[in-house]
Amino acid sequence: MLRCVVACVALLMFGFPAEAKEPAVDLHDTLCPSGVVVAKERLLVHLLRSNPGIMEGLLLYPPPSRRETGLALVRALVADGDACVRPGTCDEKAAAALRDFRYAFGNFVRDGNRNGTYASRNPRLPASVYFASAPDGNNAIRCTRKADLIEPPDNSKDVSKLRIRGASDDLAADRNNKDAFKAASSAKISYHDDRSDGKKLSTKVKAVVGYAFEADTDTMLRQIIPYLSVNQTITDANGMRRLDDGNYVAGGVMFDWIKTDSETLSHRISTTPQFLYNTKDRSQIASGRIIYQPYLSLTDAQGQHVFNVNTATRMLAPNSMLQLLFDLRSDNGYYVRKGDIEDPAQHTSFFRVGSQFGFAWTFFDYSLTLRATQTLMYGYIGDKRKLDFFDASLSYSFDPHDYVSLTLGYTKGRDLYTTEPTQSWTVGLTAKY
């Protein structure tokens, strides 16, 4: 309790209003007293006031090895890239608070580069590198444009655990990680009624709904996400109903781990057991998918830059961000029931390994995101030796959170679960959450 009192007094010393919610202020003037670069101390206090749970987590559950108190303790922790890394050095709540702070700082840097209010040479500048290198001119965030009177941004976390996506692989993307969420796939649903020549109804649904349970430790974020997946295309022409070969419903659980060795270095691995029922031929598949997202270290004239391959981003003109997508994966499957097909030998158990790679390119001024991925798999066991699946989409978002979009999509290849061939163009509303 004493730590909280000391922290609150320290925050008030910077001249910020004492209300729970800041009034409309010129945030640019507040963070840029010199008019040239952001003042690190003021940015630290602003991020803490915008995310009160971070202060509580760090002050009530400090690492035993630290002797600082109040704001001095917070300064020391956010400037230490190895803080709360080794098992047993931090309480889980302190580790989660540090992770939230790094998210908030990353969003500040990214949004500033995007709207031109602030600029950093490194759009993925780590919080520890920035706050550890005093004075303000080192690893500086430049004040590039005078802002109008605005409400300070709401950096509070979205606490809902519901996830709605277009593919189970994207369930792990947290909405609070804006870059990862923007690159995630969207659920699709469409209905077509054509009465020009008889009566023809067509309904298409492709969606995954899950619920995330999280467990944080000092060095690892663990998510358990049970989900239900639906992929259905149903056509009714003059009373004759037809189902696509690739139609299915499936249920499974994603187990997702992020192993953090430092603030900028982490491994990510997920395993997904699933049971799939093909609604056309009534075959049943029990499967397991493993996905690993590695990290990469690059060295250039400015020194070493370490980043996760799957979260590598680069700001480009005109006001856009390019994100690399990459993983290594394996699929294992067993046909519990081969279904009603002429040649049951086509439905054999399988073991495949391969990779998914691609990019997501976001144009902020136009609310557009272009996403394209290619998945290549080689089958060591099973009747299909080579599988490839191409998926591309161009989405126009109607809201700043990217929840609802108008999407033009194209897919070609074989379904990675049922191996049925597919090729289609679609235009319609899509949603993710």
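The values are calculated or read from the model by the stated rules, or taken from the named source; none is laboratory data. All figures in this text were calculated on a predicted structure; none of them were measured in a lab. With ideal geometry, Cβ positions are generated from the backbone for all residues, glycine too; neighbour counts draw on all protein chains shown.
When both residues are 6+ apart or on different chains and their Cβ atoms are under 6 Å apart, which pairs have a first residue that lies in segment 286-299 and is within 30 Å of Ser349 (Cα to Cα), and a second that is modelled with pLDDT under 60?
Gln293/Asn310; Pro294/Val309
Would you pick out the residues in segment 382-433 that are among the charged types (D, E, K, R), surrounded by 14 or more Cβ atoms within 10 Å (Cβ to Cβ) and at pLDDT below 90?
Of everything in segment 382-433, those that are among the charged types (D, E, K, R), surrounded by 14 or more Cβ atoms within 10 Å (Cβ to Cβ) and at pLDDT below 90 turn out to be Lys384, Asp402, Arg414, Asp415, Glu420, Lys432.
Kindly state which strands (runs of 3 or more DSSP E) lie completely within segment 198-280 and contain at least 3 residues that are at pLDDT below 90, closer than 30 Å to Asp82 by Cα and not aliphatic (A, V, I, L, M).
213-216, 248-262, 265-278
Considering every residue within segment 165-184, establish whether at least one is modelled with pLDDT under 70 and either buried (at least 17 other Cβ atoms within 10 Å of the Cβ) or hydrophobic (A, V, I, L, M, F, W, C) (or both).
Within segment 165-184, none of the residues are modelled with pLDDT under 70 and either buried (at least 17 other Cβ atoms within 10 Å of the Cβ) or hydrophobic (A, V, I, L, M, F, W, C) (or both).
Could you count how many residues in segment 399-418 are under 30 Å from Tyr378 (Cα atoms) and either in contact with a helix residue (DSSP H, G or I) (Cβ under 9 Å, 6 or more places away or on another chain) or outside the structural domain of Asn247 (by TED's automatic domain parsing) (or both)?
Counting residues in segment 399-418 that are under 30 Å from Tyr378 (Cα atoms) and either in contact with a helix residue (DSSP H, G or I) (Cβ under 9 Å, 6 or more places away or on another chain) or outside the structural domain of Asn247 (by TED's automatic domain parsing) (or both) gives 0.
Within segment 185-197, how many residues are in a strand (DSSP E or B) and either at pLDDT below 80 or out of contact with any strand residue (DSSP E or B) (no Cβ under 9 Å at 6 or more places or on another chain) (or both)?
Number of matching residues: 5.
Quickly run through segment 31-53 and pick out the residues that are at pLDDT 80 or above and in contact with a helix residue (DSSP H, G or I) (Cβ under 8 Å, 6 or more places away or on another chain).
Answer for segment 31-53, where residues must be at pLDDT 80 or above and in contact with a helix residue (DSSP H, G or I) (Cβ under 8 Å, 6 or more places away or on another chain): Leu31, Val38, Ala39, Lys40, Arg42, Leu43, Leu44, Val45, His46, Leu47, Leu48, Arg49.
Give just the number: which of (1) surrounded by fewer than 18 Cβ atoms within 10 Å (Cβ to Cβ); (2) within 24 Å of Asp169 (Cβ to Cβ) does Gln356 not satisfy?
All conditions are met except number (1).
Here is a yes/no grid of residues against (1) at pLDDT 80 or above; (2) within 19 Å of the chain's Cα centre (by Cα); (3) of a type outside the set (Gly, Ala, Ser):
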{"residue": "Phe101", "(1), (2), (3)": "yes, yes, yes"}
{"residue": "Arg110", "(1), (2), (3)": "no, yes, yes"}
{"residue": "Ser120", "(1), (2), (3)": "no, no, no"}
{"residue": "Pro135", "(1), (2), (3)": "no, no, yes"}
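One line per residue, one yes/no per condition, for (1) within 20 Å of Val230 (Cβ to Cβ); (2) more than 18 Å from the chain's Cα centre (by Cα); (3) among the aromatic types (Phe, Trp, Tyr):
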{"position": "Ser393", "(1), (2), (3)": "yes, no, no"}
{"position": "Val404", "(1), (2), (3)": "yes, no, no"}
{"position": "Tyr410", "(1), (2), (3)": "no, yes, yes"}
{"position": "Arg414", "(1), (2), (3)": "yes, yes, no"}
{"position": "Tyr417", "(1), (2), (3)": "yes, yes, yes"}
{"position": "Glu420", "(1), (2), (3)": "yes, yes, no"}
{"position": "Thr430", "(1), (2), (3)": "yes, no, no"}
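I need the full set of residues from segment 364-381 which are surrounded by 14 or more Cβ atoms within 10 Å (Cβ to Cβ) and in contact (Cβ under 8 Å) with a residue 40 or more places away in the chain, in order please.
If the condition is that a residue be surrounded by 14 or more Cβ atoms within 10 Å (Cβ to Cβ) and in contact (Cβ under 8 Å) with a residue 40 or more places away in the chain, then Phe364, Thr369, Arg371, Thr373, Thr375, Met377 are the ones that fit.
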